[in-house]
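K.L.:
Before we start, here is the structure in question, set down as structure tokens.
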Amino acid sequence: MLSRCRARPTCLMRSLHTTSPRKRDLFDPSSVDRPTDDVDVCIVGASPAGLSAAICLKQLKQQNGREIRVVILEKGAEIRALASKYSPCIPQSPQMAKTGTYVVSLSRITAWLGSIAKKLGAGLVYSEDGRSILGVRTDEDTFEPGMEFHARVTLLAKSAHGSLSKEAIRRFKLRDGRDPQTYRLRLKEVRRVNPAKHEPGKRIKHHPYFRNLLSGDTTRIAYGARVLNEGGLQSVPKLNFPGGALIGCSAGFVNVVKIKGTYNTMKSDMLAAEAAFGAIASQTSDAPSPDDPADMSAYDTAFHESWVHSDLHEVRNVRPSLNTPLGVLDGVVYSGIDTLLLRGRTPWTFRNTSGRSDAAHTRRASECTPIAYPPFEPPLSTDILTSVALTGTNHAEDQPMHLHRWVEDAVVRWVRVHVNVEEYVGPLGLGCPAQVYEYVDAEDAGPKEGKEGEIEVEKVGWGGKRLVINSQNCINCKFCDVKVPTQDITWTVLEGSGGPKYSECFAEFYGSGHV
């Protein structure tokens, strides 16, 4: 036994060999054989909007005795993944009154709607000429191509500024004659506090009252962020296109004064379901056909005749008033008069005549005074990554990047990083609520030639800085797609069930209102 462990006088040599690297063909999505399925209605997004449409379609099926197949596509793992001492009192508009209503978890409402839809059985695919939508292609998996769902009607029910909605709006020019959409980044925390300290109606956690309320025996249990549509009625695009329609937050039905819109989206999606059922009933073919795309114009008409349109019309001038010659302060005064007294009964409508987007309104650093943020004071306030841990965000390590950078030319990228860093002090890094984007030090961040004569695009930067994307932190707020002046980033749907698991973070107020 010992002899086996004794060192040997000879030196064993191990011969190694290498093989020349093989050139792999680029992946061509158009040449892949994909599994396909034909359905009557394909709904993209298991939001309250999408689920309301699905439930309404199945109810119409039961009432009319006509078979209709509905499929809902959802990226989530389950249906729901969705400082001063002086505090002045500001008059509250009647639209913001919450007396007699209930506070509910929107994610739980969505889960409940999903259970009803299940009990009832409940990338875009274009025609060859590109004039109509025939269905949806799911994202490519790490190991296999996505699936195509061919549908007579495709309803896009994703959240604000969804990638498929952007594509449909651009392809079919649905925003022609409408104002650009504007957005608000909404951050939310959920905390469990000591009931003995709680007094309803207070806000601003750094206020002395909140400092006391959120100290001691309190637990922060959730964190999240999303962009909301707040352009109002003027920014709602044309709702229908050949073969489908925009529903829910894809269209932008948020009442900016009430800071909610779920009741509007659910009602409008019922209107869309009724229009889809009628469009399918009027078709002569039994399967999706590029020669006979479903006409969803009845949905747009029904929306304009509904109380949803009236609800948005009443507050149409509130948010746009801030971008008029009145300015912000006078715009706030006007909005107060409009909501308290006029209630939208005016002969004028404020429009965004410049046509500038939210990204174009981002101010340069030279026009602003840097904000001196106080140091973190756990548990009152913590660093971003500690907050991100509360979202339940999970991304597979080998999944494809879902944050796409449009520019692949090294010189152009260098110019854009220059603009972002020099003129705007890195808005991606400053504004992202999940620390996805970082401008890290780089000795030579300018465009240069690689070993084989190719430009090393990913290492391009400016002034000793280059942009690094930590996509595994992404909580799907879409700030990067909305607000960055150079519009470098396009948010797309994550693979599989990746992303945040919002269960308690988003709430709505419901009462005896109509739906």
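K.L.:
If I take R0 = 45 Å and measure r between the Cβ atoms of LEU341 and THR284 in this structure, what FRET efficiency does the formula 1/(1 + (r/R0)^6) give, to the nearest 0.05?
P.N.:
0.25
K.L.:
Could you point to the residue in ALA279, SER335, SER387 farthest towards the positive end of the stretch 276-403's charge dipole, with +1 and -1 charges on the Cβ of Lys/Arg and Asp/Glu respectively?
P.N.:
The Cα lying farthest towards the positive end belongs to SER335.
K.L.:
Applying a 10 Å radius around every beta-carbon, put 362-375, 421-434, 479-492 in order of their mean neighbour count, most first.
P.N.:
Taking the mean over residues of other Cβ atoms within 10 Å, the ranking is 479-492, 421-434, 362-375.
K.L.:
Any idea how far apart SER310 and ALA372 come out in nm if each label point goes 7 Å out from Cα toward Cβ?
P.N.:
Label at SER310, label at ALA372, 5.3 nm between them.
K.L.:
Suppose each label sits 7 Å from its Cα in the direction of the beta carbon; what would the GLN435-ASP291 distance come out to in nanometres?
P.N.:
6.0
K.L.:
If you don't mind, another one. Take each of the peptides 235-246, 392-403, 467-478, average the number of other beta-carbon atoms within 10 Å over its residues, and list them starting from the highest.
P.N.:
Top to bottom by mean Cβ count within 10 Å: 235-246, 467-478, 392-403.
K.L.:
Here is a further query. Scaled to the compact-protein estimate 2.2 N^0.38 Å, what is the alpha-carbon radius of gyration of the stretch 204-259, rounded to two decimal places?
P.N.:
1.86
K.L.:
Also, quick follow-up: Running Debye on the stretch 167-316 with equal point scatterers at the Cα sites and no solvent, what base-10 log of I(q)/I(0) appears at q = 0.14 Å⁻¹?
P.N.:
Listed by q, the Debye log ratios stand at -0.78.
K.L.:
Sticking with this structure for a sec: Quickly work out the HIS361-to-TYR209 label distance, labels modelled 7 Å from Cα along the C-beta direction, and quote it in nm with one decimal.
P.N.:
The answer from the label model is 3.0 nm.
K.L.:
Would you compute the Debye intensity of the stretch 227-378 from its alpha-carbon atoms alone, equal scatterers and no solvent, and pass along log10 I(q)/I(0) at q = 0.13, 0.15, 0.19, 0.21 Å⁻¹ to two decimals?
P.N.:
Results for the stretch 227-378 at q = 0.13, 0.15, 0.19, 0.21 Å⁻¹ read -0.74, -0.88, -1.15, -1.28.
K.L.:
I need to check one value: relative contact order of the stretch 322-451, counting alpha carbon pairs closer than 8 Å and at least 6 residues apart, in percent.
P.N.:
21
K.L.:
Which entries of LYS58/LYS188; LYS260/LYS483; LYS238/LYS267; LYS188/LYS483 show an alpha-carbon separation above 24 angstrom in the structure shown?
P.N.:
Checking Cα-Cα distances, LYS58/LYS188 exceed 24 Å.
Every read-out reported here was derived from the displayed coordinates using simple, explicitly stated rules and does not represent laboratory data. Being a predicted model, the structure only gives us computed values, none of them experimental. Don't worry about glycine lacking a Cβ; one is built from the backbone with ideal geometry, like all the others, and counts go over all protein chains shown.
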